[in-house]
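Please treat every number below as a calculation from the coordinates, not as lab data. None of the values given here were measured: they were computed from a predicted structure. Please note: Cβ atoms are built from the backbone with ideal geometry, for glycine as well, and neighbour counts cover all protein chains shown.
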Amino acid sequence: MTHNPKPVTIIMIEDDEGHARLIEKNIRRAGVNNEIVPFTNGTSALDHLFGADGSGAVSAGRQLLILLDLNLPDMTGVDILGKIKSNEHLKRSPVVVLTTTDDSREIQRCYDLGANVYITKPVNYEGFANAIRQLGLFFSVIQIPETN
Amino acid sequence: MPISSKLFVRSTLALLAVGLVALLAIIGTVIYLGEQSQVYFNEVLEAREGRTAATDLRNALRLAETSQRGYIITSNETYLESFSLARDVLPERYEGLKTVLQAYPEADGPVAELKQTIDSKIAEMEQTIALEQSGRHDEAVEIIRTDRGKDLMDNAITFLTAVIRAADERQAAGVNQQRANAEWLRWVSIIGGVLIVAVVGGSALTVWRYTQELVAARDEVSVLNAELEERVRLRTADLTLANDEIQRFAYIVTHDLRAPLVNIMGFTSELEESVKSVRALLERETADDDPVAQQARIAATEDLPEAIGFIRSSTRKMDGLINAILKLSREGRRTLKAERVDVNKLVAAGAASIAHQLGEAGGEVKLDVNLPIISTDKMSLEQVVGNLLDNAVKYRAKERPLRLHVRGSVAPGQMIVLEIEDNGRGIADQDRERVFELFRRSGVQDQSGEGIGLAFVRTVVRNLGGDITMNSVFGQGTTFRITLPRTLQLGSTSA
């Protein structure tokens with residue numbers, strides 16, 4: 001991502017702070033040094049992404065990559081995904097759903113709504129760390145579009 | 001008042017019996033009255049014959065006497081013709097009357113007397129006529145004047161008149177009886193008719209009411225049926241809902257339990273990594289005899305790794321349990337697919353997959369399945385058979401080679417039975433039901449496992465619409481008996 005003029009910000013919406021910490025650690029271990037902005041609930045994340053007026057204009061010009069957990073205390077991640085993918089400023093931002101749910105209907109629904117990647121968190125830590133590190137490697141090579 | 005079918009049959013039979021009796025009574029009375037009419041008619045005929053005979057005889061006598069007198073008065077020969085005519089018919093007429101009166105023995109005497117009277121009269125008349133013919137007119141008149149002839153004639157006439165009157169009386173009585181007879185017949189017919197109409201009406205009424213009640217009862221039954229169906233439908237919907245809820249609950253719980261486990265596992269690993277670096281540092285400073293450093297070294301090399309080891313093994317166990325619940329819940333949510341399954345092949349394949357383990361331990365499997373093709377979810381049945389065969393291998397008795405016997409049979413009610421018998425270690429009586437419960441295990445715990453195999457098997461078998469039972473003698477062996485429908489009914493068993 002070094003060749004991007006503006007640095008990509010990783011928005012991490014994850015209610016479990018332990019998970020957030022483990023994800024962050026392993027992304028860093030993969031050599032990704034971008035700013036990670038964590039949110040522990042849906043409301044504050046939506047405020048950040050869509051601004052006070054809820055239009056999403058606040059995100060115009062940002063380069064965002066969103067890591068999304070589906071089980072949030074105040075709303076479901078599926079709703080957030082739907083909102084992001086139907087907003088004209090945010091719809092091009094890649095969304096990686098990273099959650100414990102492996103229900104096939106849920107997975108289909110997320111892809112239907114426009115999720116770019118769906119990853120199930122492995123309980124086994126080696127698997128988990130491995131997955132996140134590979135995700136970090138993936139982040140380091142993909143092109144992130146600028147929102148408009 | 002409701003009519004029971006028994007009462008209905010009884011009352012209908014009773015009415016029919018009454019109707020039959022009435023009809024028989026009418027027929028009997030009519031026949032009897034007809035006979036009576038015949039009798040009366042014959043009597044009237046007889047009376048008429050008697051009357052005619054008596055009248056004829058009287059007339060003949062009178063004609064004879066009138067002719068005799070006429071001849072004697074006028075000496076005209078034409079009177080003699082009438083006389084001889086009358087005299088000649090007299091015996092015949094007498095015989096006629098006698099025949100008629102033969103039926104009355106009490107008339108025998110008077111009839112015999114009449115014969116004499118008639119004979120005397122004829123003799124008297126012939127005597128006077130003979131005197132007249134011989135010119136002795138005065139003598140003839142003299143004989144008549146004695147009134148002997150008149151007396152004889154009066155006797156005869158009196159008797160005949162009595163006979164005629166008696167005949168008239170009998171005729172009148174016969175007619176009266178006949179009339180009474182007709183009256184009787186009329187009344188019997190009227191009463192019988194009324195009775196039959198009443199019986200028919202009563203029967204019709206009973207039949208009508210009974211039919212009405214049957215119709216009402218049928219309507220009631222159909223209403224109840226509809227209600228019952230509705231209730232069953234509601235109950236089924238409730239059960240389906242409850243089942244869905246349980247499945248959902250299990251699913252959510254397992255997922256929510258998994259999230260903290262990820263942390264525990266993750267940070268344990270992080271901790272382990274950190275301890276490694278601390279240990280490396282402490283081990284580098286071996287020369288130091290500082291007791292604090294010594295303690296730190298013990299903590300880093302023994303206590304911490306031990307603690308981490310326990311945290312890891314417990315977490316792994318917990319992960320196993322959660323995965324077990326998840327597996328069960330997923331099995332409940334899996335959509336079953338009915339297809340044609342050859343149980344013989346399926347069991348043979350299951351046996352083949354344990355052949356290697358059996359070969360090592362010197363065991364053998366005997367297959368005696370011979371079941372027809374059934375329609376069921378193949379994957380589920382494979383899991384069931386596989387689990388049971390694996391269990392048999394896992395929990396075999398160490399002191400003897402494993403003997404497995406799989407038997408199939410067809411059971412009534414479109415069911416099949418599959419029995420898997422082993423000579424393994426067996427299950428103690430008190431554990432019979434426990435072994436089917438989640439996370440419960442039986443006997444010596446020398447095999448790894450979470451204790452979900454049989455719970456899973458039972459869930460799957462019940463999802464297929466069947467059941468599984470078990471017979472076991474501790475130390476001798478166990479027989480699992482699976483009952484399955486020959487055709488899987490989708491919709492009723494899967495959630």
From the mean inverse distance of alpha carbon pairs (Kirkwood) and the Cα radius of gyration, derive Rg over Rh for the range B:5-212.
1.43
Options A:LEU135, A:VAL123, A:LEU70, ranked by Cα towards positive dipole end of the range A:9-141, top entry (Cβ charges)
A:LEU135
Two-site FRET efficiency, B:ASP108 against B:VAL21, from Cβ-Cβ distance with R₀ of 35 Å, rounded to 0.05:
0.10
Measuring from the longest principal axis of the C-alpha atoms of chain B, the long axis of helix B:78-101 (C-alpha) lies at a number of degrees, nearest 10, equal to 30
Only counting other Cβ atoms within 10 Å, I'd like B:ARG87, B:ARG440 sorted with the fewest neighbours first.
B:ARG440, B:ARG87
Relative to the compact-globule scaling 2.2 N^0.38 Å, provide the ratio for the alpha-carbon radius of gyration of the range B:237-332.
1.71
Can you find, among B:LEU228, B:THR240, B:VAL393, the residue sitting farthest towards the positive end of the charge dipole of the protein assembly as shown, where Lys and Arg contribute +1 and Asp and Glu -1 at Cβ?
B:VAL393
Mind pulling the angle between the C-alpha long axis of helix B:453-463 and the longest principal axis of chain B? Nearest 10 degrees, somewhere in 0 to 90.
30
Would you please name the trypsin sites (Lys or Arg not before Pro) within the range B:127-176 that are DSSP coil residues with at most 16 other C-beta atoms within 10 Å of their C-beta?
B:ARG136
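What FRET efficiency comes out for B:SER11 versus B:SER189 if R0 is 22 angstrom and r is the Cβ-Cβ distance? Round to the nearest 0.05.
Once rounded, the FRET efficiency stands at 0.25.
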Which value, in debye to the nearest 20, describes the size of the charge dipole of the range B:185-272 about its Cα centre when Lys and Arg Cβ atoms bear +1, Asp and Glu Cβ atoms bear -1, and nothing else is charged?
920
Along principal axes, largest first, the alpha-carbon spread of chain B in whole Å comes out as 217, 48, 37
How do B:GLU229, B:GLU364, B:GLU399 line up, fewest other C-beta atoms within 10 Å first?
B:GLU399, B:GLU229, B:GLU364
Kindly provide log₁₀ I(q)/I(0) values, in the same order as q = 0.21, 0.22 Å⁻¹, from the Debye equation applied to equal alpha-carbon scatterers of the range B:336-485.
-1.45, -1.57
Debye calculation, C-alpha points only, no solvent: report log10 I(q)/I(0) for the protein assembly as shown at q = 0.06, 0.08, 0.10 Å⁻¹, in the same order as the q values.
-0.67, -0.91, -1.10
Roughly how big is the protein assembly as shown's charge dipole about its Cα centre, with Cβ charges of +1 (Lys, Arg) and -1 (Asp, Glu), in debye to the nearest 20?
2280
Furthest towards positive pole of dipole, B:SER442, B:THR335, B:LEU304, structure part chain B, Cβ charges
B:LEU304
Along the range A:77-84, what does the Karplus equation 6.51 cos²θ - 1.76 cosθ + 1.60 (θ = phi - 60°) give for ³J(HN,Hα), rounded to whole Hz, x for Gly and Pro?
x, 4, 5, 4, 4, x, 5, 4
By Cβ neighbour count within 10 Å, fewest first, B:PHE41, A:PHE139, B:PHE310, B:PHE436 rank B:PHE310, B:PHE41, B:PHE436, A:PHE139
Bin by bin, in steps of 5 Å, what percent of the Cα pairs in the range A:9-141 do you find, going until the bin that has the longest distance?
2, 11, 22, 25, 22, 14, 5, 1, 0
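What does the charge dipole of the range B:78-228 about its Cα centre add up to, to the nearest 20 debye, if the Cβ of each Lys and Arg holds +1 and the Cβ of each Asp and Glu holds -1?
460
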Environment charge at A:ASP103 (Cβ cut-off 10 Å; Lys +1, Arg +1, Asp -1, Glu -1):
+2
Can you show me the helix-derived [θ] at 222 nm for chain B, built from DSSP H runs with n ≥ 4 at -39,500 (n - 2.57) apiece and divided by the number of residues, rounded to the nearest 500.
-25500 deg cm²/dmol
To one decimal place, what Kirkwood hydrodynamic radius in Å is obtained for the range B:399-439 from all pairs of distinct Cα atoms?
12.9
Exactly which trypsin sites (Lys or Arg not before Pro) in the range B:324-379 are in a DSSP loop and have at most 14 other Cβ atoms within 10 Å?
B:LYS337
Helix B:148-284 versus the longest principal axis of chain B: what angle, 0 to 90°, nearest 10, using Cα atoms?
0
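Rounded to a whole number of µm²/s, how large is the Stokes-Einstein D of the range A:100-148 at 20 °C and 1.002 mPa s, given Rh as the Kirkwood radius over C-alpha pairs?
Calculated translational D: 170 µm²/s.
Can you give the calculated 222 nm mean residue ellipticity of chain A, where each DSSP H run of n ≥ 4 adds -39,500 (n - 2.57) and the sum is split over every residue, rounded to the nearest 500 deg cm²/dmol?
Working: 5 runs with 58 residues, N = 148.
After summing the helix terms and dividing by the residues of chain A, the value is -12000 deg cm²/dmol.
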